[in-house]
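Structure, as structure tokens:
The values are calculated or read from the model by the stated rules, or taken from the named source; none is laboratory data. Note that the structure is predicted; figures quoted are calculated from it, not measured. Note that each Cβ is placed from the backbone with ideal geometry, even for glycine, and that neighbours are counted across all protein chains shown. These area figures cover heavy atoms from the full protein model, side chains too; ligands, DNA and RNA do not enter into them. Shrake-Rupley method; radii C 1.70, N 1.55, O 1.52, S 1.80 Å.
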Amino acid sequence: MAPPSQHCFNAINGATNNGAVSVVMVATPQQKLPCPTLLDADEFRRQGHQVIDFIANYYGRMGDYPVHPSVTPGFLRSLLPEAAPSRPEPDAFGSALRDVRDLILPGITHWQSPRHFAHFPASSSTVGALGEALTAGINVIPFTWTASPAATELEMVVVDWLGKALHLPESLLFAGGGGGALLGTSCEAILCALVAARDRKLAEIGGKRIVDLVVYCSDQTHFAFRKAARIAGIQRDQCREIRTCHANMFALSPTKLHAAMQADVDAGLVPLFLCATVGTTQTTAVDPIGELCAVAAPHGVWVHVDAAYAGSALVCPEFRHVIDGVESVDSFSMNAHKWLLANNDCCAMWFKKPCALIAALGTEQEYILRDPAASDVVDYKDWTLTLTRRFRALKVWLVLRCYGVDGLRDHVRSHVRMAEAFENMVKADGRFEVVTDRRFALVCFRLRPQEEFGGEKTANELNRSLLEEVNAVSSGPYMSSANVGGMYVLRCAVGSTLTGERHVEDAWKVVQDRASAILHRMEIVYSVLG
């Protein structure tokens, strides 16, 4: 057999040509060589500059777009070809970017708009975006330690860094015998915790009793929990949604939870899992974690805390009290992509006893890249639902390094201050009321019931009309609604990275103007009817 050529030797040993590794490939008559530009460094550099310029221009022109587009279903399908091209057109990448600019951007909801107040933020930062690019470029798959040792260990470091920044108890960190992982969303975290709790309980009482398991939440808990319960095999009618009330700011009542659990025990059922929430989606209600854990403990119930949105606020010491009693929970999750500048998708999950999670999700089969000698390591395939997973730790590490914990605190506090300013403007206008206590950066408000126009009977329709008119203003703002305690309320969630004080002030002016127009029309209608 002939020795390898010098060209092959250079390729194997990493010799480069203009930054790209030279690889010699021999094609059989039946094969075609792959496109040489698939990982060409020079081409990547050229296209990469185009993308960075495109995104930078997008940020700079954000104010030119309506926050929410006025489009109808099927609008984009009619503008694009029915099938993908068989061959690329000349300058296909540049042409595609032009289509993104001209066809796609005008038809999306601009979550990074400074006038987006409808949802909890999907916070972006330049470092977070570049971290995503770096992750995609390196493109490793850290499903076992051996598959990517540094990726695995960086994730372990990062979840401890983040846990300490959020003032979580040491028992949830690797440093204290617990541990964590980075997932895509809180939906995955809740399901992982629920499956771990299910298997732990069934190991005690027997697998056939899965039909007796009961899970608990409030009527404000995110629907992801009920979905996870169904996936985990919990009977639909054994997911207890405990009613909350306005008098308690829609927090879950420990007294009601105790009654529900005891009733199930008396009926021969088995309490399994409680999903408590810190910062509910509708109103940012905060469930009393310590008191709920005291209720759950005698029944051996697993307690998970979903702090998807409000967990980010824990970087600020003044919010630490909202998780009083967290030392007693079994698991905790929050979305760093919502308010900590980490870009989608990035949910951090911590467990007090990871062994329960590994027992439920672990696999015994040996994989090609698993080193039998690496026995005392974390294999993240056993911590999550998926085998293939992203190197999310890299962007979180970059965000923490480049902004620092103090920088993240400043970011959160700036939004809290702006929300407080909006709240004060609402309170200063006697026509409006703030419906729930503002805890973080969400203000829930409504036009007060107008007695001369029907009072509470017409209040919901009045506020529904107000939201429609506010969101119809092409320049924004874009807000959302909630229906709590029978009240239709408007939600103003401050959180976009680009939002400043003037955007909040402009949003309030639009709300006031639209309210004045609606009330004037109602005066005319009622004067005619009267």
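Using a probe of 1.4 angstrom and keeping all protein chains present, the accessible surface of the chain works out to 48 square angstrom per residue. Of all DSSP bridge pairs formed entirely within the chain, close to 60 percent run antiparallel.
Every helix of 4 or more DSSP H residues in the chain counts as -39500 (n - 2.57), and over all residues that averages to -13000 deg cm²/dmol at 222 nm.
In this simple spin-label approximation, D429 and S475 carry label points 7 Å from Cα along the Cα→Cβ vector, and these lie 1.6 nm apart. Seen from R115, the other residues with C-beta closer than 11 Å to its C-beta sum to a net charge of 0, counting Lys and Arg as +1 and Asp and Glu as -1. Packing here is the average count of other Cβ atoms within 10 Å per residue, and on that basis the peptides 133-146, 297-310, highest first, run 297-310, 133-146. A 21 angstrom limit on the alpha carbon distance is what I want to check against. Which of K427/K509; K338/K395; K164/K338; K201/K256; K352/K381; K164/K353 exceed it? Violating the 21 Å Cα-Cα cut-off are K201/K256. For the pair N483 and L498 in one chain, pulling the backbone fully straight at 0.36 nm per residue adds 2.6 nm over the alpha carbon distance.
Order of 463-473, 111-121 by packing, highest average Cβ count within 10 Å first?
Values: 463-473: 17.9, 111-121: 22.3.
Order by mean packing, descending: 111-121, 463-473.
Here the gap between I524 and Y59, fully extended at 0.36 nm per residue and compared with their Cα-Cα distance, gives a gain of 163.0 nm. Neighbours of L467 by Cβ distance under 12 Å: Lys/Arg scored +1, Asp/Glu scored -1, total +1.
Volume of the convex hull of the stretch 100-228 (Cα atoms only), normalised per residue: 218 Å³.
Charged neighbours of P354, selected by a Cβ distance under 11 Å, balance to 0 (K, R count +1; D, E count -1). Measure off, as a whole percent, the carbon and sulfur share of the 1.4 Å-probe accessible area of the chain, all protein chains present. Accessible surface attributable to carbon and sulfur in the chain totals 56 percent.
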